[in-house]
1. What's the extension gain from residue A:180 to residue A:396 if we count 0.36 nm per residue and subtract their Cα-Cα distance?
2. Kindly express, to the nearest 10 degrees and within the range 0 to 90, the angle between helix B:62-79's C-alpha long axis and the longest C-alpha principal axis of chain B.
3. Before anything else, pin down the relative contact order of region A:368-494: Cα pairs under 8 Å, at least 6 apart, normalised by residue count, whole percent.
4. State the three equivalent ellipsoid semi-axes of region A:395-504, derived from the C-alpha gyration tensor as the square roots of 5 times its eigenvalues, in descending order and whole Å.
5. Quick one: if you stick a label point 7 Å off each Cα along the C-beta vector at residue B:83 and residue A:202, how many nm between them?
6. So if each residue of separation counts as 0.36 nm, and I subtract the Cα-Cα distance between residue A:335 and residue A:404, what length gain in nm does that give?
7. Give me the distance between the Cα centres of region A:187-257 and region A:301-352, rounded to whole Å.
8. Would you mind giving the average projected area, over all directions, of the Cα convex hull of region B:4-185 in nm² with one decimal?
């Protein structure tokens, strides 16, 4: 069974992003209020604005990091402009690499398949003995998405389309976005058959879906371009997000929070929604909800990535700036809230952090969480965590293809190299890269696709090699190489990344195959065309008036 | 029998349609081809090229409209007469239909493995497919039909077939009309 390690990091990462504020409030002077209130705090974060550098290291020294800004839309968005009237929420999401793969495993692997010993198959179909693998959804839909979605309610169709066009034009002109329309869907009283007797909580709802045309790296830059460029963002190198094997960036814009809350409340009041939950969070009418007095525009932007192992046997400290590609000083917001939160694995003992000040920073060795209220610290050259711990050696997995592209019918040699970059040996190393033939029935695989090594010394490598012959053109996905090994009597699992391999069409071979397989008809047709061509050329040579004239 | 000018006009127009159609295939089709070819065989690409060439929604597939227009103009100019341009345009379109049928036939008889649907190739997603003009057109029509269901009636077959008919007829109309323009611009001496 596939082991999940980094995925767990992302669970904590996202949950951490959500709970970070209350936790930090207990440590920092800026946010801590008399009598802590989650509602007050969240409203404060939205109205005053906040930014967060959140990072997590798993027990193999692999980092996950996310940077986000909350409630600080750039004035360039023009959220007060009439073109946003009726817009409930606009979201732009860009994902790259194995990010969605990881999220899907995170939210559903065991729950859907029932394969996990710790998680019962609560969502598996009763009639499906094998359960449903949520990863099959990603197999169908892919992993690279650059999507913009906007919802406009209670506006006539022509006005709605006009406003959407204005928004797109503004985003393109102001920030450099580029969009291609994918879907326009209008739901109103004419959409539903009259006999279903459903009363919509709105007069009309227009859903717009567009593809953002930039590749992921540019999409990340344009997303951050929408937000404030001061604070941490001024010193972060966004390349860390662009170059990671799994990353994502997103932007959520709510032109008027009150409008969104009103609509959600109308679902509940209509008795058609999950009454209670949304009201508890968002209710405004009775001033009891979590966001009862939050109105006006709200924007949230964030980008995150999963990195490669950075901590190993000799590591004793972690620089937060390194996780975000910071080269100079780290400068927080002066008027909003700047927070740094890091979660370390439980097998570490944190010895000190820098900078450290009472009520401005916090760490303990029970939760292994570290907080800095960066706004209070002001400009700092670095944020460092010193620790005692024992990570496994740095093990790298490299897979190369020769040639790197091919044509239909060609063969490529795949070489997988596992290297122990550390000084200590590892034992019982198992390498497996054998899923291609089961994924694509038309490929032929020969050679060694798995191997076991009793001991791999520090600095040593082991290699396996196999050949793949591709009958058809196409974009082939090589699943990650899986390895397991033992170090200090503990078994570790690691994997490389999904890699694509392109096989181009063989046009000549295709033509010849087509002709040969349909003989004699194709031969007759080609013969007729050829003979007429020869006849016409002869006529041209003789300069006949009724032939081709040039 | 004098048909050399029509022959060369037909050949030039067909080569333009096939060559430009192959090279300027919308990105979404390329994703579809990369996705399906490993299991469905090497004739997925020719089939998609011809589907894109034959089913043309003039409202969103501007590239293919332009290709047919250029092919028609060149073919008509070579043919040199309006009558010749009509014949060239018609035969170019019929030839494209024949090649589409041939591609589909080849797709069905050569190495198609329907056992498993391969995963989307790394670096792509299903949104690429939504960018295919034909897919967008079909979605638009389906949404229109969905609205029609609101009235309580059944499926209006005419509403289903009309856009399909328009998409099929568009290339032949474009290639013949531009062919006649070409023949007018450069009449046979």
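Since every read-out is calculated from the coordinates, none of them should be taken as a lab result. Everything numeric here is computed off the predicted structure, so don't read it as measured data. We place every Cβ from the backbone using ideal geometry, glycine too, and count neighbours over all the protein chains shown.
1. 73.8 nm
2. That helix lies at roughly 20 degrees to the long axis.
3. Values: 220 pairs, mean separation 33.5, N = 127.
Here the relative contact order equals 26 percent.
4. Working: eigenvalues 171, 30, 23 Å².
Equivalent ellipsoid semi-axes, largest first: 29, 12, 11 Å.
5. In this crude spin-label approximation the distance works out to 6.2 nm.
6. Working: separation 69, 0.36 × 69 = 24.84 nm, distance 5.15 nm.
Contour length minus Cα-Cα distance gives 19.7 nm.
7. Between the Cα centres of region A:187-257 and region A:301-352 lies a distance of 27 Å.
8. On the way: hull surface 48.9 nm².
Taking the Cα atoms of region B:4-185, their convex hull projects to 12.2 nm² on average.
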